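**Q** Dropping a structure here in structure tokens format, bear with me for questions.
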Amino acid sequence: MKGDYPPTLPPVNHTAPVPRRIRALLDGHVVVDTTSALYLWEWSHYPQYYIPIDDIDPTVLVDEQREQRLSRGTARRYALQVGDVVRPAALRVYGGDATVEGLAGRARFEWDALDAWFEEDEQVFVHPRDPYTRVDALRSTRTVRVELDGVILAESASPVLVFETGLPTRYYLNRTEIDFTHLSPTETVTACPYKGTTSGYWTVRLGDATYADIAWAYDFPTRQLSPIAGLVAFYNEKVDTYLDGRLLDRPVTHFS
């Protein structure tokens, strides 16, 4: 099926309660510990946590004496300080004029202002996991062939298919099925809240043409995505993918 992704997304400013315990650490100190967080979709692709001010350790808050008038209301800005570690402009706390119900008295953190975030006892990367997103990694015996400019880069009869809400199917292939003569490793590292941190990216070079960071792997994915460990996937937005001999349309996403 040809079409843009994702097909359906929560609306901006949609909120929902977070049923999980959320904790965040700075320099080993627990800054946030709450079971009353709120999801808010600042844009449609994923939510952010909004934390009750009472569930933030007050001893680490540094009032920067600055108020900001934002689209969701007036917010007061704070830094964080744990010992000698200082993170300026780390969070903002919304006042009583918040335009979204439930935001008054809640803090919105800059994600990277904290060293680590946890849902229950599992670390979360990049941003909160979207409760409306499902990610499944399924082994398959369908045949997958990946080509670019008429050159076969990979071919497999034992792929793992990853189905993620709002994204096209990804095809993960054994490294023994990849023609690495056309691939060069790069220093790029990315993280995903559902899969973990990548262990490597590859650039494809075909003659004078270079296609940067077009393939990747997770050697140590999250527990839920363990079937993709060590396998390689290509952006099917940027290559020609054949599934059971049929050329698939290149999907259109923000990775295109």
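The values are calculated or read from the model by the stated rules, or taken from the named source; none is laboratory data. These figures come from a predicted structure and were not determined experimentally. So basically every Cβ, Gly included, is an ideal-geometry build from the backbone, and we count neighbours across all protein chains shown.
**Q** Among all residue pairs at least 6 apart or on different chains, which show Cβ distances below 6 Å where the first residue, located in the range 231-248, is surrounded by fewer than 16 Cβ atoms within 10 Å (Cβ to Cβ) and the second is part of a loop (DSSP other than H, G, I, E, B) and at pLDDT 95 or above?
**A** Between residues of the range 231-248 that are surrounded by fewer than 16 Cβ atoms within 10 Å (Cβ to Cβ) and residues that are part of a loop (DSSP other than H, G, I, E, B) and at pLDDT 95 or above, the close pairs are Asp244/Arg142; Asp244/Thr143.
**Q** Further, regarding this structure: Is there a residue in the range 136-155 that is crowded, with 17+ Cβ neighbours inside 10 Å, assigned by TED's automatic domain parsing to the domain that holds Lys238 and not in a strand (DSSP E or B)?
**A** For the range 136-155, residues crowded, with 17+ Cβ neighbours inside 10 Å, assigned by TED's automatic domain parsing to the domain that holds Lys238 and not in a strand (DSSP E or B): absent.
**Q** Identify the residue in the range 26-65 that is farther than 16 Å from Ala79 by Cβ and polar (S, T, N, Q) and, among all such residues, is nearest to the chain's Cα centre (by Cα).
**A** Within the range 26-65, the match that is nearest to the chain's Cα centre (by Cα) is Gln48.
**Q** Among the numbered criteria (1) among the aliphatic types (A, V, I, L, M); (2) within 30 Å of Arg92 (Cα to Cα); (3) out of contact with any helix residue (DSSP H, G or I) (no Cβ under 8 Å at 6 or more places or on another chain), which single criterion is violated by Ala107?
**A** With (1) among the aliphatic types (A, V, I, L, M); (2) within 30 Å of Arg92 (Cα to Cα); (3) out of contact with any helix residue (DSSP H, G or I) (no Cβ under 8 Å at 6 or more places or on another chain) applied to Ala107, the lone miss is (3).
**Q** Which residue pairs have Cβ atoms closer than 8 Å, lie 6 or more positions apart in sequence or on different chains, and pair a first residue in the range 36-60 that is in contact (Cβ under 8 Å) with a residue 40 or more places away in the chain and more than 14 Å from Ile22 (Cα to Cα) with a second residue that is part of a loop (DSSP other than H, G, I, E, B) and small (Gly, Ala, Ser)?
**A** Hits for this filter: His45/Gly166.
**Q** May I pose another question? Is it fair to say Asp84 is exposed (fewer than 14 other Cβ atoms within 10 Å of the Cβ), without any contact (Cβ under 8 Å) to a residue 24 or more places away in the chain and either out of contact with any Gly (no Cβ under 9 Å at 6 or more places or on another chain) or not small (Gly, Ala, Ser) (or both)? If you could, list the steps in order and put the result at the bottom.
**A** Values: exposed (fewer than 14 other Cβ atoms within 10 Å of the Cβ): yes; without any contact (Cβ under 8 Å) to a residue 24 or more places away in the chain: yes; either out of contact with any Gly (no Cβ under 9 Å at 6 or more places or on another chain) or not small (Gly, Ala, Ser) (or both): yes.
When the stated conditions are applied, Asp84 passes them.
**Q** Identify, from the list Pro221, Pro251, the residue that is of a type outside the set (Val, Ile, Thr) and surrounded by fewer than 20 Cβ atoms within 10 Å (Cβ to Cβ).
**A** Pro251
**Q** Which fully enclosed strands (runs of 3 or more DSSP E) of the range 19-83 have 3 or more residues being under 17 Å from Gly105 (Cβ atoms)?
**A** On the way: elements: 22-26, 29-34, 38-43, 46-52, 61-70, 73-82.
Passing ranges, in order: 29-34, 38-43, 46-52, 61-70, 73-82.
**Q** Given (1) farther than 19 Å from Leu247 by Cα; (2) outside any strand (DSSP E or B); (3) in contact with a helix residue (DSSP H, G or I) (Cβ under 9 Å, 6 or more places away or on another chain), identify the lone condition not met by Val204.
**A** Among (1) farther than 19 Å from Leu247 by Cα; (2) outside any strand (DSSP E or B); (3) in contact with a helix residue (DSSP H, G or I) (Cβ under 9 Å, 6 or more places away or on another chain), Val204 violates only (2).
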